[in-house]
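**Student:** If you scroll down you'll find the structure; I have some questions about it.
The values are calculated or read from the model by the stated rules, or taken from the named source; none is laboratory data. Given the structure is predicted, the values throughout are model-derived calculations rather than measurements. Here Cβ is always computed from backbone atoms with ideal geometry, including for glycine, and neighbour counts include all displayed protein chains.
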Amino acid sequence: MNNHKKHETGFTLLEVLMSLAIFSFMVVSILSGFAQRMHSDRNTNLRNIAITLAEARMEEFLKFPSSELTSTFPATTTDFIVYRGGRAPKTTTSDPSLEQQFRRTVNLSANGDLCRVEVIVEYGFLNRTHQYPFRVVLTTQRGL
């Protein structure tokens, strides 16, 4: 009988499977991080658009003297803004009932010598009760 040990080179099946499992775990972790980052970037982009829409509407109302605001404009106005791809946004006063849209509401109120302007932009995918999951609110008060 020959008691010589053979020196085999290479990896065993168990070593290959373990390295494949570790590699797969790393790849899934990295791809999951990319997906979360893309989702986060999209939410940040939508929030930036909502802030821009609110600021633009606030600027429109602030160019008028405060004494004219409550007498010229209705107490509450609402419009809807829809962005589609690279096209210009579509603004309408009737609800288009799309999954991805912005609803912008302006509330004007006078309280004594103060005129309050509040701009609310709600956005995100509408849920079953037709409520938006996110909102941006800008408020200012001006003397009459």
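**Student:** For the stretch 64-99, what are the residues that are charged (D, E, K, R) and within 15 Å of GLU118 (Cα to Cα)?
**Tutor:** Matches in the stretch 64-99: ASP79 only.
**Student:** Would you check if LYS5 is more than 24 Å from ASN127 (Cα to Cα), among the basic types (Lys, Arg), surrounded by fewer than 10 Cβ atoms within 10 Å (Cβ to Cβ) and at pLDDT below 85?
**Tutor:** Considered against the rule, which asks whether it is more than 24 Å from ASN127 (Cα to Cα), among the basic types (Lys, Arg), surrounded by fewer than 10 Cβ atoms within 10 Å (Cβ to Cβ) and at pLDDT below 85, LYS5 comes out as yes.
Residues checked against (1) farther than 24 Å from ARG135 by Cα; (2) of a type outside the set (S, T, N, Q); (3) surrounded by 10 or more Cβ atoms within 10 Å (Cβ to Cβ):
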residue: ALA54; (1), (2), (3): no, yes, yes
residue: ARG57; (1), (2), (3): no, yes, yes
residue: THR76; (1), (2), (3): no, no, yes
residue: VAL82; (1), (2), (3): no, yes, yes
residue: GLY86; (1), (2), (3): no, yes, no
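**Student:** Does the stretch 106-132 hold any residues that are crowded, with 18+ Cβ neighbours inside 10 Å, closer than 19 Å to THR91 by Cα and over 15 Å from the mean Cα position of the chain (by Cα), and which are they?
**Tutor:** VAL106, VAL119
**Student:** Which members of the stretch 71-98 meet the condition of being among the β-branched types (Val, Ile, Thr), under 16 Å from LEU126 (Cβ atoms) and in contact (Cβ under 8 Å) with a residue 24 or more places away in the chain?
**Tutor:** Residues satisfying the conditions are THR78, ILE81.
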